[in-house]
Amino acid sequence: MRRNAPVWAVLLLLAVLGAPAAAQPVRPLTLDEVLQSSRRHAPAILDAVARVRGAEGRLLSAQGAFDTVITAEASTRLSGFYDGKLLGGTITRPIENWGGSVYGSYRVSDGRFPVYEDRSFTNVLGELKVGAVFSLLRDRLIDERRFGRTNATIDVELARASQLFTALGVQQRAIAAYNAWAVAGLRLTIYRDLLALAEARRGGLARQVSAGARPRILLTENEQNILRRQTLVARAEQDLAGAANLLSLFVRDDDGAPQRPDAARLPVALPPLAPRPADLAGLVARRPDVTTLELQLRQASNRFSLAQNALRPKLDFKAEVSQDVGPVGAGGRSRVGTETIVGLNFSLPLQRRAASGQVEQALSEMESIKRRRQQLTEQIAVELEGLAIDLRATEKLRTLAEEEAARAGELAQAERRRFELGSSDFFLVNTREETAADAAIRTLDARYRQLVAHAELAAAAGDLKALGLE
């Protein structure tokens, strides 16, 4: 007699032959998965993220106005009566808060220069110089450089507000698409159960007809009901496929490609309602469209300040200290000692029409933004009140639909028992079953409208947590 093979040998053989592993249970697709997928991969959100990076690049470019600059120069005369040679370099650092700059330089010369280039002479070891320029009136508080940097900083915030506004809309549509898909799956389940009742009744009716307890016409009528219910199932399957196709815009793989969810991942119930935000006023104040108008108002205010700055006369103060080092050079003893220079530079356009026009433009822009902000605030208040009305209505309709579905289900079950006992007719039991199915469908629709209303409220209030953006 052959001995049985060891267990480990059997397992090894199965592994080599590629025996199928035990099927893993399919995990239902959750709303949070959909929201996280759309948050990471939705093209509209990624486009908004790219615009933020572009704004950050423009900010970096604007900050370049305050970069330290190094310049160098070198010259020599190759022919002619004079043979002067000059080598020098300067480091200039802009001053951010006074509209000027500080600088330091070094230069050294050798040979002879003409009298009209007397400043080119230095002592043997060269000349060291430091200085600063300060704006006392125009450009003291704001200038083109600081305006450009501030404006670019606000542009970054505007791009981020636009990104958030886009994300709110995408996530709201993702919630609606997910719930539509889940409702389509549950509706299909209801119609399949309704069809199963008619199909299960087929055998019992055939036996009763054969025994002469029921008329043969009931078999035909039951087949008609089966065909009608199969039609409902087919339409529900079509609706489910369409809902899955729409949901694929928000369910994406790691490469961002749309993924149509399999019906096996349908949830067994709709997701719970998100809690209404407690600090509704605080959320509304941080809505991206409200934030956008506030930022635009800041930009207009900065343009107004820049235009007012242009109306002021320009008065710059300059201070400079230089020192030649080493033995006296060809320029003579006039380079000996520390040289200190201070001075003022004044200029004023007489008409200043350009600046006056810019002031008027900035004032009108600020007034326009304030009016748009008022209109948006009032519109938000009306929108939120309308959503509150919808929420109350959908809650009441859902409650009524659930109560009706419960009663209709009880009547259908009782009617089936009466029919099995011969106390009810075929028409009435079918009517009860279809009425119960219709009530269950209305309950699903009412719950879907309630979920959509909550998602709209979350988007209107800018509730990041409810939309999976926190």
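Does Leu266 fit the bill of being modelled with pLDDT of 90 or more, hydrophobic (A, V, I, L, M, F, W, C) and open to solvent by 70 Å² or more (accessible area, probe 1.4 Å)? Break it down stepwise before answering.
Working: modelled with pLDDT of 90 or more: yes; hydrophobic (A, V, I, L, M, F, W, C): yes; open to solvent by 70 Å² or more (accessible area, probe 1.4 Å): no.
Taking the combined requirement at face value, the residue does not satisfy it.
Go over the candidates Ala241, Ala300 one by one and state the one that is among the small types (Gly, Ala, Ser), closer than 30 Å to Val183 by Cα and assigned to a helix (DSSP H, G or I). Let's see the steps before the verdict.
On the way: Ala300 fails: closer than 30 Å to Val183 by Cα.
Result: Ala241 is the single residue among Ala241, Ala300 that is among the small types (Gly, Ala, Ser), closer than 30 Å to Val183 by Cα and assigned to a helix (DSSP H, G or I).
With the condition kept exactly as written, say whether any residue in the stretch 353-368 is in contact (Cβ under 8 Å) with a residue 24 or more places away in the chain, open to solvent by 40 Å² or more (accessible area, probe 1.4 Å) and in contact with an Asp or Glu (Cβ under 9 Å, 6 or more places away or on another chain).
Within the stretch 353-368, not a single residue is in contact (Cβ under 8 Å) with a residue 24 or more places away in the chain, open to solvent by 40 Å² or more (accessible area, probe 1.4 Å) and in contact with an Asp or Glu (Cβ under 9 Å, 6 or more places away or on another chain).
Applying the selection to the stretch 165-186, what residues are crowded, with 21+ Cβ neighbours inside 10 Å and either among the basic types (Lys, Arg) or within 18 Å of the chain's Cα centre (by Cα) (or both)?
Residues satisfying the conditions are Ala167, Leu168, Val170, Gln171, Ala174, Ile175.
For the stretch 382-409, what are the residues that are closer than 17 Å to Ala458 by Cβ and open to solvent by 60 Å² or more (accessible area, probe 1.4 Å)? Quick ask: steps written out before the conclusion?
As a first pass, look at the stretch 382-409 and keep what is closer than 17 Å to Ala458 by Cβ: 383-392, 394-395.
Once the filter is applied, which keeps residues that are closer than 17 Å to Ala458 by Cβ and open to solvent by 60 Å² or more (accessible area, probe 1.4 Å), the stretch 382-409 yields Glu383, Glu385, Ile389, Asp390, Arg392, Glu395.
Residues in the stretch 269-294 that are part of a loop (DSSP other than H, G, I, E, B) and either aliphatic (A, V, I, L, M) or open to solvent by 70 Å² or more (accessible area, probe 1.4 Å) (or both): how many?
Taking the stretch 269-294 as the starting set, the residues that turn out to be part of a loop (DSSP other than H, G, I, E, B) are 269-279, 286-287.
Cutting the leftovers down to either aliphatic (A, V, I, L, M) or open to solvent by 70 Å² or more (accessible area, probe 1.4 Å) (or both) gives us 269-270, 272-276, 278-279, 286.
Within the stretch 269-294, residues that are part of a loop (DSSP other than H, G, I, E, B) and either aliphatic (A, V, I, L, M) or open to solvent by 70 Å² or more (accessible area, probe 1.4 Å) (or both) number 10.
Tell me yes or no: at least one residue of the stretch 136-144 is open to solvent by 70 Å² or more (accessible area, probe 1.4 Å) and among the acidic types (Asp, Glu).
The answer is yes, given that some residue of the stretch 136-144 is open to solvent by 70 Å² or more (accessible area, probe 1.4 Å) and among the acidic types (Asp, Glu).
Kindly establish whether Gln379 is in a helix (DSSP H, G or I) and either under 24 Å from Thr189 (Cα atoms) or touching a strand residue (DSSP E or B) at 6+ places or on another chain (Cβ under 9 Å) (or both).
Details: in a helix (DSSP H, G or I): yes; either under 24 Å from Thr189 (Cα atoms) or touching a strand residue (DSSP E or B) at 6+ places or on another chain (Cβ under 9 Å) (or both): no.
The answer is no for Gln379.
Which one of these does Ile226 not meet: (1) open to solvent by less than 30 Å² (accessible area, probe 1.4 Å); (2) assigned to a helix (DSSP H, G or I); (3) closer than 30 Å to His454 by Cβ; (4) among the aliphatic types (A, V, I, L, M)?
The failed condition is (3).
Suppose we filter the stretch 26-58 for residues that are closer than 10 Å to Ala159 by Cβ and not acidic (Asp, Glu); how many remain?
Qualifying residue count, the stretch 26-58: 9.
Output yes when any residue across the stretch 313-334 is within 30 Å of Asp110 (Cα to Cα) and in a helix (DSSP H, G or I), and no when none is.
yes
Tell me which of these Thr189 doesn't satisfy, since it passes every other one: (1) part of a helix (DSSP H, G or I); (2) over 13 Å from the mean Cα position of the chain (by Cα); (3) in contact (Cβ under 8 Å) with a residue 24 or more places away in the chain.
(3)
When the residues of the stretch 414-470 are filtered to those that are over 17 Å from Ala200 (Cβ atoms) and acidic (Asp, Glu), which remaining residue is surrounded by the most Cβ atoms within 10 Å (Cβ to Cβ)? Quick ask: steps written out before the conclusion?
Restricting attention to the stretch 414-470, the residues satisfying the condition of being over 17 Å from Ala200 (Cβ atoms) are 414, 422-423, 425, 427-428, 431, 435, 438-470.
Among the residues that remain, those that are also acidic (Asp, Glu) are: 425, 438, 445, 456, 463, 470.
On the way: Asp425: 13, Asp438: 15, Asp445: 15, Glu456: 18, Asp463: 23, Glu470: 7.
The extreme case among them is Asp463.
Which is on the phi < 0 side of the Ramachandran plot, assigned to a loop (DSSP other than H, G, I, E, B) and among the β-branched types (Val, Ile, Thr), of Thr153, Thr90, Thr166, Thr122? Walk me through how you get there before you give the answer.
Numbers: Thr153 fails: assigned to a loop (DSSP other than H, G, I, E, B); Thr90 fails: assigned to a loop (DSSP other than H, G, I, E, B); Thr166 fails: assigned to a loop (DSSP other than H, G, I, E, B).
Result of the check over Thr153, Thr90, Thr166, Thr122: Thr122.
For Val133, only one of the following conditions fails: (1) aliphatic (A, V, I, L, M); (2) free of Cβ contacts under 8 Å to residues at least 24 places away in the same chain; (3) buried (at least 18 other Cβ atoms within 10 Å of the Cβ). What is its number?
Of (1) aliphatic (A, V, I, L, M); (2) free of Cβ contacts under 8 Å to residues at least 24 places away in the same chain; (3) buried (at least 18 other Cβ atoms within 10 Å of the Cβ), only one is false for Val133: (2).
The values are calculated or read from the model by the stated rules, or taken from the named source; none is laboratory data. Worth saying up front: this structure is predicted, and the values here are computed from it rather than measured. Note: ideal-geometry Cβ built from the backbone for every residue, glycine included; neighbour counts use all protein chains shown. Surface areas here come from the heavy atoms of the whole protein model, side chains and all, with no ligands, DNA or RNA. Shrake-Rupley method; radii C 1.70, N 1.55, O 1.52, S 1.80 Å.
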